[in-house]
Amino acid sequence: MNPFLVSRRQFFGRTATGIGAAALASLLGRAAGQPHFAPKAKRVIYLFQHGGPSQLDLFDHKPGLRALHGKELPDSVRGTQRLTGMTSGQKTLPVTSSIFDFKQHGQNGAWVSELMPHTAGVVDELCFIRSMHTEAINHDPAVTFLQTGHQQPGRPSLGSWTSYGLGSENENLPAFVVLISRGSAARPADPLYARLWGPGFLPSSHQGVAFRSSGDPVLYLSNPPGLDASARREQLDAIGALNRASLAREIDPEIETRIAQYEMAFRMQSSVPELTSLRDETDATFTAYGPQARVPGTFAANCLLARRMAERGVRFIQLYHRGWDQHYNLPSDLRLQSQDVDQPCAALIRDLRDRGLLDETLVIWGGEFGRTTYSQGKLEASNYGRDHHGRCFTMWLAGGGVKGGVLHGETDEFCYNVARDPVHVHDLNATLLHLLGLDHTRLTFKFQGRYFRLTDVHGEIVKPILA
């Protein structure tokens, strides 16, 4: 056996408890679960719209495009930007104005599409960032980039970084929970991989826990027939004793994680059914969230669950709503998708506000990129599609230290390039961590000889949007 490895194990074993643990924490820097500075937000609800919502048809009004509708997009606007394989071979790229009406709302006159009437009613709580941009032009690298800070798989997700940096507020529920819903648009579902809420090289205890919409919310949550709670407790005690013996011998942090996960699973057997049971919600609440709020697995039901999780101190709540990839039939499919999310999102903002939770809960809405100003395929009088577009897109934020009623950034007259106050993916993530009291340059983890962070070596805090 390697003598150096033995002495190192002995060192960690002796410092794992008591005064040794405090000394070790001081040597290793910031204690786990503590922000770098006073946070504005305690938790995050991330309403991720998977597929790339069209900013042109929802929040970035370009009335000037009506005069250019059907005309060729000037080469000077597109420049050298690469196109996806779906439109790179098109002989023509016709400018396509939105078919939907827009109106101004709120104190700052935010333009909102007719597709989002409920969202229009809460615009004074929202901060619209209309100048988001990313390098990725296809779904998987774009979603991976936004969620992990890197286009290639293997890095920890934003939720995992948050769990690692701040820990949990509720010992009976996971710090990081994922809820997935399927949109109403009849569209092939782009894949959502578990690595998007995975811990990467962080300890596996920071993995997001995906809740299911049918059966047990978490796999194997219920005891099998013939096994009651006391028998389960005895079983876990026996397994725990074996694991602790192994931990003392091996000093492997993953064994410690396994022990903690077994105990968390036992506590979740009572906490999760209470969380996911909506029997105590009023008819008025269900009405506010919309007709789908009583249907498990819908976006509306997941928004209501997200509020319940926020009340119970879940640190990071990630919703994925699929179906926003409108390459064709955009007018009909975008209407369906908007109907899925518009009322629940507005209800969630109001619900959090009325319960005194919005100021300490950061809510985020957006997808991995936007859509092109030109039509994919044939442009028809009442029908069109749009390809992926990373050069500019819109996201909105609310609560948690963000100014309400703010319109940040602008795009050019074609909604093709950012014209003012660009916000890169790394800038957004740096800002989100800042609102949680975490310095993105200091939230690091050493792996394979290098210190990694969510924002890599980039990222500037978007200060104008901070309250």
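The values are calculated or read from the model by the stated rules, or taken from the named source; none is laboratory data. Please read all numbers here as calculations on a predicted model, not as lab measurements. Because the Cβ atoms are built from the backbone with ideal geometry, glycine has one as well, and the counts that use them run over all protein chains shown.
At a glance:
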quantity	calculated
Residue list for region 359-392, restricted to those being aliphatic (A, V, I, L, M) and within 17 Å of the chain's Cα centre (by Cα)	362, 363, 364
Residues within region 378-393 that are touching a Gly at 6+ places or on another chain (Cβ under 7 Å) and in contact (Cβ under 8 Å) with a residue 60 or more places away in the chain, tallied	5
Criterion (of a type in the set (Gly, Ala, Ser) and touching a Cys at 6+ places or on another chain (Cβ under 7 Å)) met by exactly one of 404, 449, 385	404
Qualifying residue in region 17-40 (condition: over 28 Å from residue 168 (Cα atoms) and modelled with pLDDT under 95)	no
Top-ranked residue in region 285-321 [being aromatic (Phe, Trp, Tyr) and farther than 20 Å from residue 271 by Cβ; ranked as surrounded by the fewest Cβ atoms within 10 Å (Cβ to Cβ)]	286
Of all residues in region 73-96 being exposed (fewer than 12 other Cβ atoms within 10 Å of the Cβ) and more than 18 Å from residue 391 (Cβ to Cβ), the one that is nearest to the chain's Cα centre (by Cα)	89
Residue 437 being under 25 Å from residue 39 (Cα atoms) and touching a helix residue (DSSP H, G or I) at 6+ places or on another chain (Cβ under 7 Å)	no
Cross-chain or 6+ apart pairs with Cβ under 9 Å, region 237-258 first and among the acidic types (Asp, Glu), then crowded, with 16+ Cβ neighbours inside 10 Å and not in a helix (DSSP H, G or I)	254/203; 256/203
Pair list, Cβ < 6 Å and 6+ apart or interchain, from region 78-98 residues that are without any contact (Cβ under 8 Å) to a residue 60 or more places away in the chain and closer than 19 Å to residue 382 by Cα to residues that are assigned to a loop (DSSP other than H, G, I, E, B) and of a type outside the set (Phe, Trp, Tyr)	97/69
Among the candidates 202, 219, 227, residue that is surrounded by fewer than 16 Cβ atoms within 10 Å (Cβ to Cβ) and in contact with a helix residue (DSSP H, G or I) (Cβ under 9 Å, 6 or more places away or on another chain)	227
Of the criteria (1) of a type outside the set (A, V, I, L, M); (2) farther than 30 Å from residue 285 by Cα; (3) surrounded by 24 or more Cβ atoms within 10 Å (Cβ to Cβ), which one residue 399 fails	(2)
Condition check for residue 314: within 17 Å of residue 217 (Cα to Cα) and free of Cβ contacts under 8 Å to residues at least 24 places away in the same chain	no
Residues within region 155-174 that are assigned to a loop (DSSP other than H, G, I, E, B) and either closer than 24 Å to residue 324 by Cα or modelled with pLDDT under 95 (or both), tallied	9
Residue satisfying all of: in region 175-210; in a loop (DSSP other than H, G, I, E, B) and of a type in the set (Ser, Thr, Tyr); modelled with the highest pLDDT among these	184
Any hit, region 330-341, residues being touching a residue at least 60 places away in the same chain (Cβ under 8 Å), more than 17 Å from residue 182 (Cβ to Cβ), crowded, with 23+ Cβ neighbours inside 10 Å and not charged (D, E, K, R)	yes
In region 421-467, the residues that are among the acidic types (Asp, Glu) and surrounded by fewer than 20 Cβ atoms within 10 Å (Cβ to Cβ)	421, 439, 456, 460
Test: residue in region 403-418 that is buried (at least 23 other Cβ atoms within 10 Å of the Cβ), closer than 25 Å to residue 120 by Cα and either under 18 Å from the mean Cα position of the chain (by Cα) or at pLDDT below 95 (or both)	no
